[in-house]
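The structure under discussion appears below in the form of structure tokens.
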Number of protein chains: 2
Amino acid sequence: VSVTYARGFTAAGVTAGVKPSGQPDLGLLVGRPGPTAAGVFTTNRLQAAPVRLSRARLEAGRASAVVVNSGQANAATGEAGDEAARRLADAAASSLGLDIDAMLTASTGVIGEPLHLDELLRAVPLAVESLSPEGGDAFARAIMTTDTTRKQASAEAGELRVGGCAKGVGMVAPNLATMLAFVTTDASVSPEDLDALTRSRIAPAFEAITIDGCASTNDTVLVFASGAAGGVRGERGVAAWASLGDALEEVATSLARQLIADGEGVTHVMLVAVEGAPDDGSARRVARAIADSPLVKTAVFGSDPNPGRVVQAVGAAGIDVDASAIDAWIGNAQVVTAGVIPPAYFSGGAIREAAMIGMKEPEVRFRVRIGDGPGSSRILGGDLSYEYVRINGEYTT
Amino acid sequence: VSVTYARGFTAAGVTAGVKPSGQPDLGLLVGRPGPTAAGVFTTNRLQAAPVRLSRARLEAGRASAVVVNSGQANAATGEAGDEAARRLADAAASSLGLDIDAMLTASTGVIGEPLHLDELLRAVPLAVESLSPEGGDAFARAIMTTDTTRKQASAEAGELRVGGCAKGVGMVAPNLATMLAFVTTDASVSPEDLDALTRSRIAPAFEAITIDGCASTNDTVLVFASGAAGGVRGERGVAAWASLGDALEEVATSLARQLIADGEGVTHVMLVAVEGAPDDGSARRVARAIADSPLVKTAVFGSDPNPGRVVQAVGAAGIDVDASAIDAWIGNAQVVTAGVIPPAYFSGGAIREAAMIGMKEPEVRFRVRIGDGPGSSRILGGDLSYEYVRINGEYTT
């Protein structure tokens, strides 16, 4: 159950000493002999140096490995940051005897702080020596920042294997949760097909989560296909295509849920389902407005079944909605009918009891119908707790 | 220093008993003989019943009084809510011997809970009896919900007086902070001119504040001009026009600042100034993205001078920005230069010291230049504290 579950991959995680905590901070993931790769990246306009480098090298089409550091994000670091990202990647490629273009890179940590390049470069040979088919756990450990657990997943599609790991518990938002995720498969997949699978089966799982609505400068999802499973091809039209897609989606969905469950200060996962919108995009805006509303998030934290805050968020989402077309549920309790919260709701009674039960479940479910259109969306989020404030009020100090 | 400072207005605040706290909950503000009125309202698509009623009656052009209740928002209450708002307003008009069209209404409190109409109707005669030119304080008291202080202001423009009061400490967002505000003047102003003054001199002050980014269903700003100042006309072209506008803006700005200072859990006011944008709208989007970012808000709470979170918010604002054009300051310390946070920043030093001082001021100032365009914007916000989570996790329970 790790990123090296798929055959053809080795990984390592070591301690370069660039994190104040002294925890492992340098990860290396390598596919042999030369896998195909695809990636999706943050939509933040201010992309970190490693994001720019990896995007550019992916276009060259020869990527087969990635070196990752945690501790510094290497964002808002200017040309010196680009140079540092390049030197780290080149050192890793050179130690492995790979073409420079084959090495991607990703970083996570404090924005603005320069990479501690000397320490990282010193640790690269150690990471290379440590590479192992059992190295997935160590790799998943080395990419963590405020994470409290490793996030790993695996799945199978007949003969084919899929593995993956991820990190990221804060600055997590739609359009790629602020996070790093690495997914591997031993299928043989062309670069074009791998890109299509990444966009259709992997990216949506990460785009459907939000912790605090803040899209980071460093979000990166990289996908590698080694072809080591005896040449079983994942390509459009063959039988394995659909089942490979399912396995990739299973791994991505598992990783996304693990990210939310370990979200900073999250005590309850929140699942927001919106239906009946004119289109999926409108439904997504409404679902995000609910999942990112600090009033809804604090209500979830306090187990307070407050339908008015859901109504407020729907109305403020920037979508044209008709009040009388709105129905909403908390758990199994219908708390809004044709735009109206039942008056009896405020004097207790069965609906409020049922909503209260829904608010106390580990996964609090909101369902909102805003009309009879075909559009729908589901977003996974978390509550807003004292602990979120504590973690983020004390992060760098 | 109250909403009755302007001549020609009486006000009252009484206890109808519709708030669990037993605090005053019914306010009445009346202009004599028949002032002109103007208003601006929430942009939330799901507008409360009193908002719909007041909008419609303002169009009739004869409004001269407003009855306000706190405790229930009368939103998400359907047709029964419209009927209740109408009955409350009509009862107040009838008690005063006013035309029905002359009475506006506003509500604030829990969304969905029906108006406690019986109690309110019983208290209307008491409110009418209590009307007094010294009633502004009681009125300001009666409209409070989780507010801890009354918000009142006054200003003068030569012979003319301007008064005002407001309430609102949560669900406060751009496009009219979630709040009620009432501004009066004893100038004689035509309905068209009063509408123009409201939009140009009063609304911008409230649109420039945000507490939690949540636009409410009930936001209402009402402005009345009694003409009681001996017929001094406020009209375009006369000398008094500009000074009357200044006085209205002074009152609105004072009320907006008081709202932020009493924002739920706010320990530090945050002033975000963005300049160099292609246009004011783009600057506003960036300023809001910073002021509403939970990561920036928790950093302000923790006095943590974290420029990376400002950079993240700028990049995620949905505006096309060039990293190398970004300069940013915390207080007097320049923490980002041409898109780069100075490397020395992370090993202490003078800039970090200065930024730390800036973070500890009661009003934390962020200034961001994103290019050399003509667009600029200023937003006033507050930090995100344990207390915000406590208040909003426990609101209705």
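Looking at (1) surrounded by fewer than 24 Cβ atoms within 10 Å (Cβ to Cβ); (2) part of a strand (DSSP E or B); (3) modelled with pLDDT under 95; (4) within 13 Å of chain B (Cβ to nearest Cβ), which one does A:I351 not meet, given that it meets all the others?
If we test A:I351 against (1) surrounded by fewer than 24 Cβ atoms within 10 Å (Cβ to Cβ); (2) part of a strand (DSSP E or B); (3) modelled with pLDDT under 95; (4) within 13 Å of chain B (Cβ to nearest Cβ), just (2) comes out false.
Search the stretch A:333-369 for residues being in contact (Cβ under 8 Å) with a residue 12 or more places away in the chain and of a type in the set (F, W, Y), and hand back the single one that is farthest from A:G263 (Cα to Cα).
The selected residue is A:Y345.
Read through the list (1) out of contact with any Asp or Glu (no Cβ under 6 Å at 6 or more places or on another chain); (2) open to solvent by 20 Å² or more (accessible area, probe 1.4 Å); (3) over 24 Å from A:P20 (Cβ atoms), then give the number of the only condition that B:F366 fails.
For B:F366, the exception is condition (2).
What residue, among those in the stretch B:158-174 that are in a loop (DSSP other than H, G, I, E, B) and not acidic (D, E), is modelled with the lowest pLDDT? Lay out the reasoning, then the answer.
Going residue by residue through the stretch B:158-174, those that are in a loop (DSSP other than H, G, I, E, B) are B:158-159, B:168-174.
Keeping just the survivors that are not acidic (D, E) gives B:158, B:168-174.
Details: B:G158: 89, B:G168: 81, B:V169: 63, B:G170: 56, B:M171: 50, B:V172: 50, B:A173: 45, B:P174: 36.
Applying the filter and picking the extreme gives B:P174.
Looking at the stretch B:274-324, which of the residues that are facing another protein chain (nearest Cβ under 7 Å) and among the hydroxyl-bearing types (S, T, Y) is nearest to B:E387 (Cα to Cα)?
Step by step, filter the stretch B:274-324, then rank; the result is B:T298.
Which of the residues spanning the stretch A:85-128 are in a helix (DSSP H, G or I) and in contact (Cβ under 8 Å) with a residue 60 or more places away in the chain? Outline the logic, then answer.
Going through the stretch A:85-128, the residues in a helix (DSSP H, G or I) turn out to be A:85-96, A:100-102, A:117-128.
Passing the criteria: A:A92, A:L96, A:A102, A:E119, A:L120, A:R122, A:A123, A:V124, A:L126, A:A127, A:V128.
Would a scan of the stretch B:226-233 turn up a residue that is hydrophobic (A, V, I, L, M, F, W, C) and modelled with pLDDT of 95 or more? Explain how you work it out, then say what you get.
Our first condition is that a residue be hydrophobic (A, V, I, L, M, F, W, C); within the stretch B:226-233, this holds for B:228-229, B:232.
Next, only the ones that are modelled with pLDDT of 95 or more stay: none.
No, because not a single residue in the stretch B:226-233 is hydrophobic (A, V, I, L, M, F, W, C) and modelled with pLDDT of 95 or more.
Can you tell which of B:V67, B:V40, B:V51 is more than 14 Å from chain A (Cβ to nearest Cβ) and buried (at least 24 other Cβ atoms within 10 Å of the Cβ)? Lay out the reasoning, then the answer.
Details: B:V40 fails: buried (at least 24 other Cβ atoms within 10 Å of the Cβ); B:V51 fails: more than 14 Å from chain A (Cβ to nearest Cβ).
Every option except B:V67 fails the conditions.
What's the number of the condition A:D327 fails, among (1) within 8 Å of chain B (Cβ to nearest Cβ); (2) open to solvent by less than 50 Å² (accessible area, probe 1.4 Å)?
Of the numbered conditions (1) within 8 Å of chain B (Cβ to nearest Cβ); (2) open to solvent by less than 50 Å² (accessible area, probe 1.4 Å), the odd one out for A:D327 is (1).
Looking at A:A76, is it touching an Asp or Glu at 6+ places or on another chain (Cβ under 8 Å), at pLDDT below 95 and more than 21 Å from A:L131 (Cα to Cα)? Quick ask: steps written out before the conclusion?
Working: touching an Asp or Glu at 6+ places or on another chain (Cβ under 8 Å): no; at pLDDT below 95: yes; more than 21 Å from A:L131 (Cα to Cα): yes.
Spelling it out, it is not the case that A:A76 is touching an Asp or Glu at 6+ places or on another chain (Cβ under 8 Å), at pLDDT below 95 and more than 21 Å from A:L131 (Cα to Cα).
Quick check, is B:V51 touching a residue at least 60 places away in the same chain (Cβ under 8 Å), within 24 Å of the chain's Cα centre (by Cα) and closer than 30 Å to A:V336 by Cα?
Working: touching a residue at least 60 places away in the same chain (Cβ under 8 Å): yes; within 24 Å of the chain's Cα centre (by Cα): yes; closer than 30 Å to A:V336 by Cα: yes.
In short, yes.
Being open to solvent by less than 20 Å² (accessible area, probe 1.4 Å) and in a loop (DSSP other than H, G, I, E, B), is that true of even one residue in the stretch B:22-32?
First, the residues of the stretch B:22-32 that are open to solvent by less than 20 Å² (accessible area, probe 1.4 Å): B:25-31.
Restricting the remaining residues to those that are in a loop (DSSP other than H, G, I, E, B) gives B:25.
Looking through the stretch B:22-32, at least one residue is open to solvent by less than 20 Å² (accessible area, probe 1.4 Å) and in a loop (DSSP other than H, G, I, E, B).
Looking at the stretch A:371-384, can you tell me whether even one residue there is facing chain B (nearest Cβ under 9 Å), of a type outside the set (D, E) and outside any strand (DSSP E or B)?
Yes, there is a match, as at least one residue in the stretch A:371-384 is facing chain B (nearest Cβ under 9 Å), of a type outside the set (D, E) and outside any strand (DSSP E or B).
Among the residues of the stretch B:219-248, which ones are of a type in the set (D, E, K, R), open to solvent by 60 Å² or more (accessible area, probe 1.4 Å) and assigned to a loop (DSSP other than H, G, I, E, B)? Break it down into steps so the answer makes sense when it comes.
Here is the first cut: in the stretch B:219-248, the ones of a type in the set (D, E, K, R) are B:219, B:233, B:235-236, B:246.
Now narrow it down to the ones that are open to solvent by 60 Å² or more (accessible area, probe 1.4 Å): B:233, B:235-236, B:246.
The answer is B:E235, B:R236.
If you scan the stretch B:70-84, which residues turn out to be crowded, with 23+ Cβ neighbours inside 10 Å, within 10 Å of another protein chain (Cβ to nearest Cβ) and not in a strand (DSSP E or B)?
The answer is B:A73, B:A75, B:A76, B:T77, B:G81.
Would you be able to say whether some residue in the stretch A:249-257 is open to solvent by less than 10 Å² (accessible area, probe 1.4 Å) and either closer than 15 Å to A:E363 by Cβ or modelled with pLDDT under 90 (or both)?
We begin by selecting, within the stretch A:249-257, every residue open to solvent by less than 10 Å² (accessible area, probe 1.4 Å); these are A:251-252, A:255-256.
Now drop any that are not either closer than 15 Å to A:E363 by Cβ or modelled with pLDDT under 90 (or both), which leaves A:256.
Taking every residue of the stretch A:249-257 in turn, at least one turns out to be open to solvent by less than 10 Å² (accessible area, probe 1.4 Å) and either closer than 15 Å to A:E363 by Cβ or modelled with pLDDT under 90 (or both).
Give just the number: which of (1) part of a loop (DSSP other than H, G, I, E, B); (2) crowded, with 24+ Cβ neighbours inside 10 Å; (3) among the β-branched types (V, I, T) does B:T184 not satisfy?
(1)
Say whether the condition of being more than 12 Å from chain A (Cβ to nearest Cβ), at pLDDT 90 or above and open to solvent by 30 Å² or more (accessible area, probe 1.4 Å) is met by at least one residue in the stretch B:258-269.
Among the residues of the stretch B:258-269, at least one is more than 12 Å from chain A (Cβ to nearest Cβ), at pLDDT 90 or above and open to solvent by 30 Å² or more (accessible area, probe 1.4 Å), which makes the answer yes.
The values are calculated or read from the model by the stated rules, or taken from the named source; none is laboratory data. Treat the numbers as computed from the prediction; the structure is a model and nothing was measured. Please note: Cβ atoms are built from the backbone with ideal geometry, for glycine as well, and neighbour counts cover all protein chains shown. These accessible areas exclude ligands, DNA and RNA; they are computed on the full protein's heavy atoms, side chains included. Shrake-Rupley method; radii C 1.70, N 1.55, O 1.52, S 1.80 Å.
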